[in-house]
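The values are calculated or read from the model by the stated rules, or taken from the named source; none is laboratory data. A quick note: this is a predicted structure, and the numbers were derived from the prediction, not measured. FYI the Cβ positions are ideal-geometry reconstructions off the backbone, even for glycines, and counts take in every protein chain you see.
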């Protein structure tokens, strides 16, 4: 059976389920449900318990309550989800954007965000932390966060619109930009989101970067940029076990 990508920073918690698929699982996005089923099986959960994001490249973060989660699935778009309900497993879709998986082991709450360049400039990483603080009493100092496979600063060349946005919205923007072709620069999405988490109060040692570039490793991960828009999507999942971790640990 294929094994998902996991984070060491999230590994010590038997009550927590998390993982990120790669090409061996197949594409995750509907109607290609085979990939979802394979990822769920590898994580030891039911595919019916997956709660997907409705990604719109913004910064809204939505709370997923227990009894109403099925109703929320038909709701408006959001690139971030948080929950403290065991048995619900948050699912995001990716093919270059940054998966952000967060866990508060004190209040047993989880969060997931999809951070493309728009969401990064809007501060979705910080919004995820704020949503967990507001809804669950989370302290940012307790959070453990993984930043998953995504396009790296080695490959993410952007144009003038993104460059202008980085310079107008992010602190120390030149540290996030490296010269590219005329009118272009390489944007470090990884560092931009790491810095946003640090500004939100997450300790340095509790943030783990997968450091796997989807464009460099296109044989392993789907990459919208590398594959010219013709691609599948891989999935990132995080949630709390219904049995509180007393069952099989994965």
Name the single residue, out of those in segment 24-57 being out of contact with any strand residue (DSSP E or B) (no Cβ under 9 Å at 6 or more places or on another chain) and not in a loop (DSSP other than H, G, I, E, B), that is farthest from residue 216 (Cα to Cα). 48
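Filter segment 6-23 down to the residues that are touching a strand residue (DSSP E or B) at 6+ places or on another chain (Cβ under 7 Å) and either surrounded by fewer than 21 Cβ atoms within 10 Å (Cβ to Cβ) or closer than 12 Å to residue 105 by Cα (or both) and list them by number. Full working, then the answer.
Of segment 6-23, the ones touching a strand residue (DSSP E or B) at 6+ places or on another chain (Cβ under 7 Å) are 6-10, 13, 15-22.
Correct list: 6, 8, 9, 10, 13, 15, 16.
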State yes or no: is residue 159 surrounded by fewer than 18 Cβ atoms within 10 Å (Cβ to Cβ) and closer than 25 Å to residue 233 by Cα? yes
I'm told residue 113 meets every condition in (1) over 20 Å from residue 53 (Cα atoms); (2) crowded, with 22+ Cβ neighbours inside 10 Å except one. Can you identify the failing condition by its number? (1)
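Could you list, in sequence order, the residues of segment 169-182 that are part of a helix (DSSP H, G or I), in contact with a helix residue (DSSP H, G or I) (Cβ under 7 Å, 6 or more places away or on another chain) and without any contact (Cβ under 8 Å) to a residue 24 or more places away in the chain?
Answer for segment 169-182, where residues must be part of a helix (DSSP H, G or I), in contact with a helix residue (DSSP H, G or I) (Cβ under 7 Å, 6 or more places away or on another chain) and without any contact (Cβ under 8 Å) to a residue 24 or more places away in the chain: 173, 176.
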Residue 166 - would you say it is at pLDDT 95 or above, farther than 29 Å from residue 134 by Cα, touching a helix residue (DSSP H, G or I) at 6+ places or on another chain (Cβ under 8 Å) and outside any loop (DSSP other than H, G, I, E, B)? no
Filter result for the condition that a residue is more than 10 Å from the chain's Cα centre (by Cα) and crowded, with 20+ Cβ neighbours inside 10 Å, over 131, 141, 125: 131
How about segment 80-159: which strands (runs of 3 or more DSSP E) wholly inside it have at least 2 residues that are touching a strand residue (DSSP E or B) at 6+ places or on another chain (Cβ under 6 Å) and more than 24 Å from residue 216 (Cα to Cα)? 80-83, 89-94, 98-104, 109-115
